[in-house]
Each structure stands twice: as C-alpha cells, then as structure tokens.
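In what follows, a single structure is set out as structure tokens and then discussed.
The values are calculated or read from the model by the stated rules, or taken from the named source; none is laboratory data. Not measured: the values here are computed from a predicted model. Cβ: placed from backbone, ideal geometry, glycine included. Neighbour counts: every protein chain shown. These accessible areas exclude ligands, DNA and RNA; they are computed on the full protein's heavy atoms, side chains included. Shrake-Rupley method; radii C 1.70, N 1.55, O 1.52, S 1.80 Å.
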Amino acid sequence: MRRSLLIALAVGLLAVTGAAAEGSKPHRVVIQVDQNDPDVMNMVLNNAKNVIEHYRDQNEDVDVEIVAYGPGMHMLRDDTSPVKDRIKQMTEVNFPSKIVFSACNNTKQGMEKREGHAITIIPQATIVPSGVVRIMQLQEQGWSYVRP
C-alpha cells in the first residue's frame, strides 16, 4: 500500500513537472508584411505590441519577427516608410530585444534595379536573403505565423 502511494505520488509529480515544462514553451510569432499600406503596417505593429504586452503581463517570454517583402518593403525603406519613427520607438524604447524586423533582399534588389539607385533600409531592420524563405524557416522552427 505504501509503495503504491509513493508510485502514485511520483507519477503525479512527473505529470505536474511535465505540464510546467510544456507551459514554458517559448512564444514566437512571425508576422508577414507584403502590402504598401500604412494602415496594415500600423495594425501589424499594434498586433506585435499587444502580443508582447500580453506575455509580459503573464511573466512569459515572447519573440516577434516582422518580415517585409514585395510592396511591404516600403514599410522598412528609409526613404518611404511612413512608420519608421514608430518602429524606432518600439525597438529602442518600448520593446528592445523583443521585436525584430527583416527586409527581403530579393525585393530590395528588384527595387534597386527598377529605380536605378541603391535603397536604404531603416537601421532597425536586418536584410535577409528572401522574405518568404525567412518565414518558412521560422515556421519550420515552430514559430506561429500571422498575416494581417
């Protein structure tokens, strides 16, 4: 009887420990930006802010990556971004190290070829070889995917 009680207690402890470990799974979301639309980009930034604040309130960690390609690259271009000040505020003041911006190099090169000059990306963004491939890689690593 005593041995059965100890075994039941051990199994219960393992179940609780396993549930706690599962609950500590990292929260990670990639958000796609493929439209040259300030309203859509502001919605993306609002979504990112809300996700980060939600998990901050839960004392849980979260990583957010916003990937721009195609017409959405205008949101990360230094010369055309209508939201670059908001992005700077979010990355440098509100949520440092919680949010990453990735800019598609394929799109950047296409824009440079069409426009005949170099394109400068905002300093808060990192250039990735391909925006679509970056999203695929993150999903393959278990990241959640959101498209506004």
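Of the peptides 86-94, 51-59, the ranking by mean beta-carbon count within 10 Å, highest at the top, reads 86-94, 51-59.
The Rg/Rh ratio of segment 37-148, with Rg taken over Cα atoms and Rh as the Kirkwood radius over Cα pairs, comes to 0.97. Across the alpha-carbon atoms of segment 76-129, the computed radius of gyration and Dmax are 12.0, 36 angstrom. Computed over protein heavy atoms with a 1.4 Å probe, the carbon and sulfur contribution to the accessible area of segment 21-148 reaches 47%. Between Arg147 and Ser24, the modelled label-to-label distance comes to 3.6 nm, taking each label 7 Å out from Cα in the direction of the beta carbon.
Could you calculate the FRET efficiency of Ile127 with Glu60 from 1/(1 + (r/R0)^6), where r is the beta carbon distance between them and R0 is 35 Å, rounded to 0.05?
Numbers: r = 30 Å, r/R0 = 0.86.
With a Förster radius of 35 Å, E is 0.70.
Using a cutoff of 8 angstrom between alpha carbon atoms and counting only pairs six or more residues apart, the relative contact order for segment 61-148 works out to 33 percent. Taken per residue, the accessible surface of segment 15-148 reaches 54 Å², heavy atoms only and a 1.4 Å probe.
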